[in-house]
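Colleague: Questions regarding the structure given below will be posed in turn.
The values are calculated or read from the model by the stated rules, or taken from the named source; none is laboratory data. Fair warning: this is a prediction, and the values are worked out from it, not measured in the lab. Every residue, glycine as well, gets a Cβ built from its backbone with ideal geometry; the counts of neighbours run over all protein chains shown.
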Amino acid sequence: MRKPKIVLLGAGYAGMMTTKRLMQQLSIEEAEIILVNKHNYHYQTTWLHEVAAGTIDQNQSRIMISDVIDPLRVTLVEETVEKINPDQKKVTLQNGELDYDYLVVGLGFEKATFGIPGMAEHALSIQSFDKSRYIREHIEYQFSRYRNGEKDKEGLLTFVVGGSGFTGIEFVGELAEKLPQLCKEYDVDLSEVRIVNIEAAPTILPGFDEALVTYARRSLEDRGVEFKIGTMIKECTKDSVIVGDDNEEIKAETIVWTGGVQANAVLGESGFELTKGKVNVDGTLRAPGYEDVFILGDCAWVMNQETGRPYPPTAQIAIQEADICAENIKALMKDEPLKEFVFDNKGTVASLGGRHAMGTIFDGKKLYGLSAKMMKHVIDDRYLFMLGGPRLVLKKGKFRPF
Ligand code: FAD
Ligand code: NAD
């Protein structure tokens with residue numbers, strides 16, 4: 001008898017952890033498992049602000065898939081997904097096609113620019129490993145330009161970050177650590193450098209705990225970050241942003257947009273019913289109308305029944321969804337009842353660069369400074385442990401406190 005074929009799209013948190021769990025729960029005779037990803041490596045999206053600022057060795061944030069997923073159990077297809085046809089149970093790849101019995105979609109997020117003129121064309125974004133590495137190279141290049149005769153160019157060493165959500169805040173924290181180092185390396189006076197974080201809402205980290213927000217802002221301002229709060233970016237040009245009601249122009253040769261994310265465009269192009277760009281999955285994480293298609297991570301719209309609002313897209317939720325998804329695929333194969341997904345919120349911790357961090361854990365306990373930073377490392381290493389055991393923690397972990 002032909003083995004059922006399980007195809008997983010995307011090797012992010014959702015795709016990797018579902019693959020891992022399926023390997024643990026199903027024997028080689030029970031199912032064929034195929035993982036499709038753009039690259040032969042998995043990258044830690046939650047570390048990309050460090051890759052982008054150059055505060056981490058870029059290779060620490062990526063893991064060869066074959067190091068953690070047994071190639072004898074799972075076939076890795078290094079390909080780009082173009083479209084899903086759920087009615088025909090087929091996936092179109094850039095160079096081919098795959099059919100499936102069960103499909104798991106974990107294709108992650110893209111930057112959302114909300115139609116702001118020039119943003120898609122001119123701003124950089126912390127969106128993938130390659131794009132983050134590009135930002136790192138770009139930043140260093142500005143310093144070499146300064147030394148190579150362009151020191152008087154307006155905005156050469158102005159680094160504008162659009163949006164003060166968690167990505168923007170974590171990134172400016174890394175910049176506040178990295179740029180003084182680059183100044184030393186390139187003999188540039190630190191006063192020549194500006195880090196400007198621009199946020200449309202009246203506060204940074206809108207909606208987050210007020211005491212922690214105040215702490216984060218002070219910590220970043222103390223290290224030279226300028227905030228422009230309640231200031232909307234209206235336009236982005238090749239070398240500036242236009243902001244606020246008075247259309248102020250801020251000249252900057254580096255503009256990084258962290259103003260929002262949306263689900264991978266493949267979902268819309270595949271004809272799934274969408275809510276704000278995501279698939280509004282049922283309690284078992286399946287796409288409406290398709291009993292064999294699971295949608296996870298940043299592609300899924302998962303409602304928080306208590307607040308009546310969707311959960312924010314995080315790695316934490318993607319990892320938890322993977323457990324239920326693997327169990328539910330097994331249940332479908334054995335004709336057993338499926339489980340409902342219940343999110344267990346373990347808190348939110350944000351790094352602010354160097355030894356600085358803040359956040360809440362479990363029942364809302366607040367952490368500041370080095371203790372928050374250590375907790376952040378524990379969270380990072382816990383994921384590595386779940387994915388690849390102690391060997392992976394030793395190879396790629398952040399077990400050092402700073
Ligand atoms: P992703 O991790 O985005 O993975 C998607 C995968 O699909 C990638 O490997 C990509 O290469 C692949 N892919 C995409 N398109 C295609 C295609 N067409 N064909 C083939 N492959 C494709 N969340 C937290 O919980 N805690 C944090 O501390 C945290 N920090 C963050 C820091 C930053 C800088 C950012 C940007 C996000 C952070 N998040 C954090 C959010 C978190 O990273 C995302 O919610 C999470 O990555 C979503 O996981 P995913 O598996 O859905 O997708
Ligand atoms: P976000 O949507 O959370 O934040 C975007 C910010 O940009 C908002 O504050 C918004 O008001 C602002 N903005 C939007 N348009 C603007 C404009 N025109 N001008 C100025 N400001 C504008 O996006 P994000 O920060 O990329 O986060 C995405 C997801 O990833 C969230 O769910 C977040 O919780 C998660 N994340 C978590 C962590 C962590 O837990 N440490 C870190 C990074 C990201």
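Colleague: Restricted to the stretch 265-292, and to residues that are within 16 Å of ligand 2 (Cβ to nearest atom) and assigned to a loop (DSSP other than H, G, I, E, B), which residue is surrounded by the most Cβ atoms within 10 Å (Cβ to Cβ)?
Modeller: Gly277
Colleague: Being surrounded by fewer than 18 Cβ atoms within 10 Å (Cβ to Cβ), polar (S, T, N, Q) and either under 30 Å from Met375 (Cα atoms) or touching a Ser or Thr at 6+ places or on another chain (Cβ under 6 Å) (or both) narrows it down to one residue among Gln320, Gln305, Gln262; which is it? Working first, answer last.
Modeller: Values: Gln320 fails: surrounded by fewer than 18 Cβ atoms within 10 Å (Cβ to Cβ); Gln262 fails: surrounded by fewer than 18 Cβ atoms within 10 Å (Cβ to Cβ).
That would be Gln305, the only listed residue that is surrounded by fewer than 18 Cβ atoms within 10 Å (Cβ to Cβ), polar (S, T, N, Q) and either under 30 Å from Met375 (Cα atoms) or touching a Ser or Thr at 6+ places or on another chain (Cβ under 6 Å) (or both).
Colleague: With closer than 29 Å to Gly260 by Cα, within 13 Å of ligand 2 (Cβ to nearest atom), modelled with pLDDT of 95 or more and crowded, with 21+ Cβ neighbours inside 10 Å as the only criterion, which of Leu367, Leu384, Leu352 stands out? Don't jump to the end; show me each part of the working.
Modeller: On the way: Leu367 fails: crowded, with 21+ Cβ neighbours inside 10 Å; Leu384 fails: within 13 Å of ligand 2 (Cβ to nearest atom).
Sole residue among the options that is closer than 29 Å to Gly260 by Cα, within 13 Å of ligand 2 (Cβ to nearest atom), modelled with pLDDT of 95 or more and crowded, with 21+ Cβ neighbours inside 10 Å: Leu352.
Colleague: Let me ask another. Run down Ile233, Ile295, Ile198 and say which single residue is buried (at least 16 other Cβ atoms within 10 Å of the Cβ), in the same structural domain as Asn85 (by TED's automatic domain parsing), in contact (Cβ under 8 Å) with a residue 40 or more places away in the chain and of a type outside the set (Lys, Arg).
Modeller: Details: Ile233 fails: in the same structural domain as Asn85 (by TED's automatic domain parsing); Ile198 fails: in the same structural domain as Asn85 (by TED's automatic domain parsing).
One residue alone meets the criteria, Ile295.
Colleague: Also, I was wondering about something else. Does at least one position in the stretch 364-384 carry a residue that is closer than 20 Å to Thr46 by Cβ and of a type in the set (S, T, N, Q)?
Modeller: Yes: the stretch 364-384 contains one or more residues that are closer than 20 Å to Thr46 by Cβ and of a type in the set (S, T, N, Q).
Colleague: For the stretch 191-208, which positions are part of a loop (DSSP other than H, G, I, E, B) and on the phi < 0 side of the Ramachandran plot? Walk me through it before giving the result.
Modeller: The first filter runs over the stretch 191-208 and keeps only residues part of a loop (DSSP other than H, G, I, E, B), leaving 193, 200-208.
Scanning the stretch 191-208 gives Val193, Ala200, Ala201, Pro202, Thr203, Ile204, Pro206, Phe208.
Colleague: Go through (1) away from ligand 1 (no atom under 15 Å from the Cβ); (2) in a loop (DSSP other than H, G, I, E, B); (3) over 21 Å from Ala326 (Cα atoms) and name the single condition Gly259 misses.
Modeller: So Gly259 meets the others, but not (1).
Colleague: Counting just the residues of the stretch 236-251 that are within 14 Å of ligand 2 (Cβ to nearest atom) and part of a loop (DSSP other than H, G, I, E, B), which one comes out surrounded by the most Cβ atoms within 10 Å (Cβ to Cβ)?
Modeller: Here the answer is Gly244.
Colleague: Between a first residue in the stretch 36-56 that is away from ligand 2 (no atom under 16 Å from the Cβ) and a second residue that is acidic (Asp, Glu) and assigned to a loop (DSSP other than H, G, I, E, B), which pairs have beta carbons less than 7 Å apart while being 6 or more apart in sequence or on different chains?
Modeller: Cβ pairs passing all conditions: Val36/Glu79.
The rows are residues; the columns are (1) more than 20 Å from the chain's Cα centre (by Cα); (2) assigned to a helix (DSSP H, G or I).
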{"residue": "Gln142", "(1), (2)": "yes, yes"}
{"residue": "Tyr146", "(1), (2)": "yes, yes"}
{"residue": "Gly149", "(1), (2)": "yes, yes"}
{"residue": "Lys153", "(1), (2)": "yes, no"}
{"residue": "Phe159", "(1), (2)": "yes, no"}
{"residue": "Thr167", "(1), (2)": "no, yes"}
{"residue": "Phe171", "(1), (2)": "no, yes"}
{"residue": "Ala176", "(1), (2)": "yes, yes"}
{"residue": "Leu182", "(1), (2)": "yes, yes"}
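Colleague: All but one of (1) in contact with a strand residue (DSSP E or B) (Cβ under 8 Å, 6 or more places away or on another chain); (2) touching a residue at least 12 places away in the same chain (Cβ under 8 Å) hold for Gln60, so report the exception by its number.
Modeller: For Gln60, the failing item is (1).
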